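No value in this document is a laboratory result; all are computed from the given coordinates. Keep in mind it's a predicted model, so treat the numbers as computed, not measured. For neighbour counting, all protein chains shown are included, and Cβ atoms are generated from backbone atoms with ideal geometry for every residue, glycine included.
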Amino acid sequence: MIWGVAAAVGVSALLAASDLAYRVLTLAGAAYMVWLGATFLWKTMRKDKIPARPAGEAAGVTSERNDLFKGWLIGTGTNLLNPKVGVFYIATIPQFIPAGTSPLLVGVLLAGVHCLLSMAWFTLLIFGSGYAARWLQGVRSIRIIDSITGSVLVGFGVKLALDPAH
């Protein structure tokens with residue numbers, strides 16, 4: 001939603017027009033991806049056990065709230081540090097704004113619709129992953145997923161930082 005509002009007020013137009021602004025945001029995003037990936041890899045290399053939740057056992061309410069908030073922060077940071085999201089909004093939203101209407105109002109409305117559609121999609125993914133919860137919560141599975149995710153994030157971050165086209 002933040003990128004949608006930014007596009008509606010013209011911030012992402014700055015990213016589309018300024019190579020320096022785009023590059024700075026790209027490098028910040030690349031650094032963030034490398035940090036996230038390294039965190040996953042570090043977690044898998046530690047000698048201590050990764051806590052696995054026994055099947056059917058729910059985590060404490062405090063832990064769940066902290067996990068939800070941490071997940072939200074990671075997702076928000078990843079999205080805000082991705083200049084391509086801003087460019088997506090600047091490339092798509094203007095073509096759907098009818099003549100004679102407020103670009104800010106319609107742009108924010110369209111960004112809201114996009115957010116609602118995204119939330120519906122992610123809700124389906126979340127409920128779908130519930131079926132695989134037993135496997136996904138196993139210690140071995142967590143190590144495998146974290147290793148793959150960490151390696152991919154570090155690789156993408158390094159590629160993004162070194163790519164002269166961005």
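Some points to look at:
- Whole-Å distance, taken between Cα centres, linking segment 69-103 and segment 109-131: 15
- Packing-based ranking, highest mean first, of 17-28, 83-94 given that Cβ atoms within 10 Å are counted: 83-94, 17-28
- Taking only the alpha carbons of segment 61-119, we obtain Rg and Dmax values of 15.4, 50 Å in that order.
- A simple spin-label model places the labels of V24 and V152 3.1 nm from each other, with each point 7 Å out along Cα-to-Cβ.
- In Å, descending, principal axis extents of the Cα set of the chain: 59, 36, 24
- In the chain, the DSSP-assigned H stretches of four residues or longer account for a calculated mean residue ellipticity at 222 nm of -25500 deg cm²/dmol, using -39500 (n - 2.57) per stretch and the full residue count as denominator.
- Folded to 0 to 90 degrees: helix 19-45 orientation relative to the chain principal axis, Cα: 10
- When each of the peptides 121-127, 101-107 is scored by how many other beta carbons lie within 10 Å of its residues on average, the order from highest to lowest is 101-107, 121-127.
- Where labels lie 7 Å past Cα in the beta-carbon direction, separation of T92 and L105 in nm: 2.4
- Rounded to the nearest 10 degrees, the angle from helix 103-130 to the longest Cα principal axis of the chain is 20 degrees.
- Segment D163-V139, length gained on full extension (0.36 nm per residue, minus Cα span): 5.1 nm
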